[in-house]
Amino acid sequence: MNTFSTIAELTAAIADAKSAKKSIGLVPTMGALHEGHLSLVERARKENDIVAVSVFVNPIQFNNKEDLEKYPRTVENDLALLEKAGADIAFTPSVEEMYPEPVTTVYHFGPIEEVMEGPRRPGHFSGVAVVVRRLFELTQPDRAYFGEKDFQQIAIIRDLLRQMNSKIELVPCPIVRADDGLALSSRNMRLSKEAREVAPTIYETLQQAVEMSEYEDVEDVKLWVLDTLASFHEVNDLPNGLRFEPEYFEIVNDTTLQPIEKWDDAQGSVGCIAVWLDGVRLIDMVRFR
Ligand code: PAF
């Protein structure tokens, strides 16, 4: 595996791969890699001649300074995992290398960014789009791999590719979960032992919601999920004032991301949730139809 921290090195290697007519799969990451990321690398490995993985904590997609500062950084370990997973290129640029000048570009995505994460994290998706577009331009991938845990992000990238008139194939990949059901996330490593033990309740609640959707209407399922998590600490004896604080739970059309009112409103529907636990913001999603 070649590790590059400069754009010059990366683009030279990409030029070589292109002239040898090799296909390129890109896995953009912010590091602190776990099995979820490695599943993307594995899939990219199967489908491409060259697998490039970026490891870059993108400051312009954080609307919260503390979240950026606390974001786990484990580059040495990340590189060892990538080497083992069979990546060919690891790109680990500095902030100055990626953004030599202040970023002035702002992306708009219309209704798909006006729900869920969008209004709660102003500027987040524009920041994601800026870095992902730059990574697309630098690595010129045939395919790009993203995890479905960030379900809304996938819709944003799909729209970005449309705006770019790009032929890059977007490959959404299923969530990887711990044995107890918690969706793997780099943020999980910030949970205390007690919080980590109780965190699988999020997915358990989502699974029960899917069962309820067979006989309850959308609004009732939605309210039940929010209420079950918000009152969990009252019904269960949680230590140290631990509690779930749901930020949102929306049941949306899986393409337009607009909330649905009846199950028949969309051919495909998913439930997306953001919950605070122990000062950590966790997100997850589940498919209803
Ligand atoms: O999903 C992430 O880790 C990030 O949003 C991404 C796509 C790597 C852009 O920084």
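The values are calculated or read from the model by the stated rules, or taken from the named source; none is laboratory data. Computed from a predicted structure; not experimentally measured. Note that we place each Cβ from the backbone using ideal geometry, even for glycine, and neighbour counts take in every protein chain shown. Ligands, DNA and RNA are stripped out before the accessible areas are found, and what is left, the full protein with its side chains, is counted by its heavy atoms. Shrake-Rupley method; radii C 1.70, N 1.55, O 1.52, S 1.80 Å.
List of remarks:
- From the options Glu137, Glu197, residue that is within 30 Å of Asn240 (Cβ to Cβ), free of Cβ contacts under 8 Å to residues at least 60 places away in the same chain and assigned to a helix (DSSP H, G or I): Glu197
- Among the conditions (1) over 22 Å from Glu47 (Cα atoms); (2) within 12 Å of the ligand (Cβ to nearest atom); (3) open to solvent by less than 50 Å² (accessible area, probe 1.4 Å), the only one that Arg134 does not satisfy is (3).
- Within the stretch 30-49, considering residues that are more than 16 Å from the chain's Cα centre (by Cα) and assigned to a loop (DSSP other than H, G, I, E, B), the one nearest to the ligand (Cβ to nearest atom): Asn48
- Against the test of being within 13 Å of the ligand (Cβ to nearest atom) and over 18 Å from Thr6 (Cβ atoms), the options Ala85, Ala144, Ala80 yield a single qualifying residue, Ala144.
- The one condition in (1) closer than 17 Å to Pro172 by Cα; (2) more than 9 Å from the ligand (Cβ to nearest atom); (3) buried (at least 23 other Cβ atoms within 10 Å of the Cβ) that Val27 fails to fulfil: (2)
- Residue in the stretch 35-44 that is more than 16 Å from Leu170 (Cβ to Cβ) and open to solvent by 60 Å² or more (accessible area, probe 1.4 Å) present: yes
- Test: residue in the stretch 214-224 that is charged (D, E, K, R), outside any loop (DSSP other than H, G, I, E, B), open to solvent by 30 Å² or more (accessible area, probe 1.4 Å) and in contact with a Phe, Trp or Tyr (Cβ under 9 Å, 6 or more places away or on another chain): yes
- Filter result (open to solvent by 40 Å² or more (accessible area, probe 1.4 Å) and either within 12 Å of the ligand (Cβ to nearest atom) or of a type in the set (Ser, Thr, Tyr) (or both)) within the stretch 51-67: Ile60
- Counting the residues of the stretch 102-128 that are in a helix (DSSP H, G or I), among the charged types (D, E, K, R) and open to solvent by less than 60 Å² (accessible area, probe 1.4 Å) gives 2.
- Subset of the stretch 75-101 [open to solvent by 40 Å² or more (accessible area, probe 1.4 Å) and among the β-branched types (Val, Ile, Thr)]: Val75, Val95
- Selection from the stretch 149-163 of residues that are open to solvent by 30 Å² or more (accessible area, probe 1.4 Å), in contact (Cβ under 8 Å) with a residue 40 or more places away in the chain and either aromatic (Phe, Trp, Tyr) or within 11 Å of the ligand (Cβ to nearest atom) (or both): Lys149, Asp150
- Residue within the stretch 55-63 that is within 19 Å of Ser5 (Cβ to Cβ) and touching a Pro at 6+ places or on another chain (Cβ under 7 Å) present: yes
- Residues of the stretch 251-289 satisfying the condition of being closer than 18 Å to Ala155 by Cα and open to solvent by 40 Å² or more (accessible area, probe 1.4 Å): Thr255, Thr256, Gln258, Pro259, Gln267, Arg287, Arg289
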